C-alpha cells in the first residue's frame with residue numbers, strides 16, 4: 001500500500017471510477033455549516049417549502065429605524081415622539097443584550113434629541 005492508507009486508496013479508486021460524479025448538491029455550497037444556529041432545521045424546511053423565514057428581531061428593529069423619520073411625521077406632540085423613541089431604544093438595547101446564533105449588523109440606539117430636531121423641522 002505504500003504511504004497511501006487503505007481508506008485513501010478506496011476513495012481515490014472510487015473517484016477514478018466516477019462514483020462521486022453528479023452527486024446531489026454537486027457544485028452548490030454546503031448548507032448548515034453554522035451549527036450554532038439552533039433553528040437551522042426549521043429554516044431549511046421553510047426554504048424547501050418555498051417559504052421565506054420570518055425576519056429576525058434585529059432585522060425588524062433595523063427596518064423600524066430606517067423608517068423612523070417617516071413614521072414620526074404622523075405624531076402631533078413631542079411627548080408622543082419621545083415616548084416612541086424611548087420605547088424603540090429600550091427594545092434595541094434589549095435585543096443587543098440577548099445572544100444571537102447568527103451574527104448580523106448591530107442596530108444602534110437612536111439619538112433622541114437629533115430625531116426630535118428632525119421631527120420639529122418637518123412639522
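Per-structure values
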item	result
For residue 96: the one exception among (1) within 26 Å of residue 38 (Cα to Cα); (2) outside any helix (DSSP H, G or I)	(2)
Residues of the stretch 45-93 satisfying the condition of being modelled with pLDDT under 90 and assigned to a loop (DSSP other than H, G, I, E, B)	52, 53, 54, 55, 56
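The values are calculated or read from the model by the stated rules, or taken from the named source; none is laboratory data. Values in this document were obtained by computation on a predicted structure and should not be read as measured data.
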